Amino acid sequence: MTTAIAAAPIARAGDTDNRATYLSFGLAYVFGHGAAAVSGGDDPLVRLPGWLPMTLLGLGLAAGTVFATLAAARAQRGGADVLSGRLLGLSWIGGFTALFLAITGLTSTMDSPDLATVLWPAGSGLVVGLLYLGEGAVRRNVLHYGLGSWLALVSTASLAFGTPGLFWVLAVAGGGGYAVATVLEHRRLAEGANR
């Protein structure tokens, strides 16, 4: 019996399967930000109802959040430090609360409520990217860390493009980053299984 326990592979936090999370968030970026890109600006490519881009983005982000939560729970069951997992979870709440306060403060202080239209998508990508950096470091997952770096850089760089350019950058570069990560995650897990 001791031999069977000793021979069982030890699951590491870095071995958590993030494909469903990456795919959900990637689709949210492509369809949500993509819909905002094609329907935004003075001369939109397509006229869409104003609620549609946010609905598509929200649905994808909600699905991604559920998958991310499930992946984090699996990582904790797999032997990850429970305190680290809980602190990472609280980081999401703290990060987005801070973003809310920053955007609310900026838009009211500068008396520019339209500023929130660009700050929310770019700021959310920045917060997610920074949180992925932390999670990647804690879980020793270089792919997660790299995706976090990419999202943080792409999201902040998108601010230079105004609207609808910002949404194009987020849809193509942000969604593309998630697509690449989804493919690389499959390969990372296959290599981990062969070790």
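The values are calculated or read from the model by the stated rules, or taken from the named source; none is laboratory data. Predicted, not measured: the structure shown is a model, and the values here were computed from it. Because the Cβ atoms are built from the backbone with ideal geometry, glycine has one as well, and the counts that use them run over all protein chains shown. With ligands, DNA and RNA removed, areas are computed over all heavy atoms of the protein, side chains included. Shrake-Rupley method; radii C 1.70, N 1.55, O 1.52, S 1.80 Å.
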Sorted by accessible area (1.4 Å probe), largest first, how do Thr107, Thr156 line up?
-> Thr156, Thr107
Taking Tyr132, Tyr145 and ranking on accessible area (1.4 Å, protein atoms only), highest first, one gets Tyr145, Tyr132
Within the chain: Cβ-based charge dipole about Cα centre, in debye rounded to nearest 20 (Lys, Arg +1; Asp, Glu -1) | 760
³J(HN,Hα) across the stretch 164-169 via Karplus (A = 6.51, B = -1.76, C = 1.60, θ = phi - 60°), whole Hz, x for Gly/Pro?
-> x, x, 4, 5, 4, 4
Hey, how many Å between the Cα centroid of the stretch 111-127 and the Cα centroid of the stretch 149-179?
-> 13
Compute the Kirkwood hydrodynamic radius of the stretch 106-190, taking the inverse of the mean of 1/r over all pairs of distinct Cα atoms, and give it in Å to one decimal.
-> 13.5
Once you charge only the Cβ atoms, +1 for Lys and Arg and -1 for Asp and Glu, what is the size of the charge dipole of the stretch 106-190 about its Cα centre, to the nearest 20 debye?
-> 480
Would you look at the GNM of the chain, springs on alpha carbons closer than 10 Å, and say which of Pro53, Pro113, Pro121 moves the most?
-> Pro113
Radius of gyration and maximum dimension Dmax of the chain, Cα, Å | 18.6, 71
For the chain, what does -39500 (n - 2.57) per DSSP helix run (n ≥ 4), summed and divided by total residues, give at 222 nm, in deg cm²/dmol to the nearest 500?
-> -24500 deg cm²/dmol
Of Ala73, Pro44, Leu61, farthest towards positive along the dipole that unit charges on Lys, Arg, Asp, Glu beta carbons give the chain | Ala73
Protein chains only, probe 1.4 Å: how do Ile103, Ile93 rank by accessible area, largest first?
-> Ile93, Ile103
Can you give the accessible area per residue of the chain, in Å², using a 1.4 Å probe?
-> 57
Rounded FRET efficiency, nearest 0.05, which uses the C-beta distance separating Asp42 from Val142 and R0 of 30 Å = 0.10
